[in-house]
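One structure below.
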Amino acid sequence: MVDLVLEAPKKGKPPRHLLDLTRAERRDAVAELGMPAFRADQVSTHLLVHLQDDPDRWTDVSAADREKLTAVLPTLLEPVRTVDCDNGTTVKSLYRLHDGSLVESVLMRYTDRITMCISSQAGCGMNCPFCATGQAGLTRNLSTAEIVEQVLAGARALSAGEVPGGPGRISNIVFMGMGEPLANYSAVLGALHRFIDDPPEGLGMSARGITVSTVGLVPRIRQLAEEGLPVTLAVSLHAPDDHLRDSVVPINNRWKVSEVLDAAWFYAEQTRRRISIEYALIKDINDQRWRAELLGEMLAGHLVHVNLIPLNPTPGSKWTASTPQAGAEFVAALREAGVAVTVRDTRGREIEGACGQLAALES
Ligand code: SAH
């Protein structure tokens, strides 16, 4: 049996931050520090609506209270460096956390949307052999506020006009950075609430613009389906047959393809959201025509869309991306089966900002 880590080590837990909390809890926390509860709403408005994180600019909060508030507003992400490409419209940020762990996020500005790809764990315990993060293992879960801060840092840079294209707002968030989001369920759920809930409780983003990507933790998929948060679910399938998936996505040894897909269809039924199936095309491993046909058969008739990703080979990997011709044939077979399919863009590859590469070069 492969080495999978579902329970994160408890060490390195970050200090509590107001953004870990719901609006009601923030009011309580502020009251406990001897301030009127409405201070919590003022701070939430500064952080989430005005995107202003410098307490010196909060002129409606007294200097004495700003001082007291530092107890619940620790600095969680220390920027180490940013790297950009695509004329500055793809920006990767590397952060050091309070315990020295490193995490990354990537901001991608397109003509019609701005997407942030964020991390939910430092490292990952899912051990997928083609993914650089999987090779490094799991350091720890991120807290809700550590997840939310990645988005706020991007939102502040955008609103300040630091990203070419003029001031802008984040429209999409994808949990496709480091980590398995559903293995850090409660912190990720908290972050989803901070993104979706109306201001000043949260950022007031649309749930449909947010994607949670998972290797297929079946009970957690079912649990998320019942939260009443219609975010998009992406399932990293990568193989339609258990024989291959057992080695490419090792969690398959616990939950089989049919169980993962059943949970996905339950998710689609509960949320009315189309499921995204992620499939990295790996040359001569999972890109055969018969696998495309089998995948098409399994998906046809469901509320689903396939996202093919040319493999981004990790350093030292024996695997490479499929040829464009194999990719085109795979697309054709899925279309023949009546399944919607797109080939994902590979933004950020030249800055190690693409899938599975985040922070791997730093360790
Ligand atoms: N743990 C989650 C989310 C993080 S990875 C998950 O597995 O879904 C986000 C996506 O990038 C997943 O579909 C993952 O399988 C894919 N990925 C990881 N490494 C990759 C690589 N080297 N090339 C192409 N896709 C990769």
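The values are calculated or read from the model by the stated rules, or taken from the named source; none is laboratory data. Quick caveat, the model's predicted, so the values are computed rather than measured. Here the Cβ is made from the backbone with ideal geometry for all residues, glycine too, and neighbour counts use every protein chain on show. The protein model used for the area step is the full one, side chains on, heavy atoms only, and it has no ligands, DNA or RNA in it. Shrake-Rupley method; radii C 1.70, N 1.55, O 1.52, S 1.80 Å.
The table below lists the values:
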{"item": "Hull volume in cubic angstrom per residue (convex hull over the Cα atoms of the range 223-262)", "result": "72 Å³"}
{"item": "Qualifying trypsin sites (Lys or Arg not before Pro) in the range 268-303, DSSP loop, other Cβ atoms within 10 Å at most 16", "result": "272, 274, 283"}
{"item": "Positive minus negative residues near residue 204 (Lys, Arg vs Asp, Glu; Cβ under 14 Å)", "result": "+1"}
{"item": "Candidates 63, 340, 268: whichever shows maximal mean-square fluctuation once the chain is modelled as a Gaussian network with Cα springs under 10 Å", "result": "63"}
{"item": "Chain lengthening between residue 156 and residue 59 when straightened (0.36 nm per residue, less Cα-Cα)", "result": "33.0 nm"}
{"item": "Average accessible area per residue (Å²) across the chain - probe 1.4 Å, nucleic acids and ligands excluded", "result": "42 Å²"}
{"item": "Relative contact order (%) - criterion: Cα under 8 Å, at least six apart; region: the chain", "result": "15 percent"}
{"item": "Surface accessible to a 1.4 Å probe, residue 78 within the full protein complex, Å²", "result": "100 Å²"}
{"item": "With every protein chain in place, the range 149-214: carbon and sulfur % of accessible area (1.4 Å)", "result": "48 percent"}
{"item": "Normalised per residue, the volume of the convex hull around the Cα set of the range 1-159 (Å³)", "result": "147 Å³"}
{"item": "The range 36-110, accessible surface, carbon-and-sulfur percent (1.4 angstrom probe)", "result": "49 percent"}
{"item": "The range 147-282: translational diffusion in µm²/s, Stokes-Einstein, Kirkwood Rh over Cα pairs, 20 °C, 1.002 mPa s", "result": "135 µm²/s"}
{"item": "Set of lysines near residue 11 by C-alpha distance (under 28 Å), chain-local residues within fewer than 8 positions excluded", "result": "68, 92"}
{"item": "Values of log10 I(q)/I(0), in the order q = 0.06, 0.09, 0.12 Å⁻¹, for the chain under a Debye, Cα-only, solvent-free model", "result": "-0.22, -0.50, -0.88"}
{"item": "Rg and Dmax [Cα atoms of the range 206-292; Å; Rg one decimal, Dmax integer]", "result": "13.2, 41"}
{"item": "Diffusion constant of the range 84-141 at 20 °C, which comes from Stokes-Einstein with the Kirkwood Cα-pair radius and 1.002 mPa s, µm²/s", "result": "168 µm²/s"}
{"item": "Size of charge dipole - the chain - debye, nearest 20, with Cβ of Lys, Arg +1 and Asp, Glu -1, no other charges", "result": "60 debye"}
{"item": "Average Cα contact separation per residue, the range 169-277, under 8 Å, 6 or more apart, as relative contact order %", "result": "25 percent"}
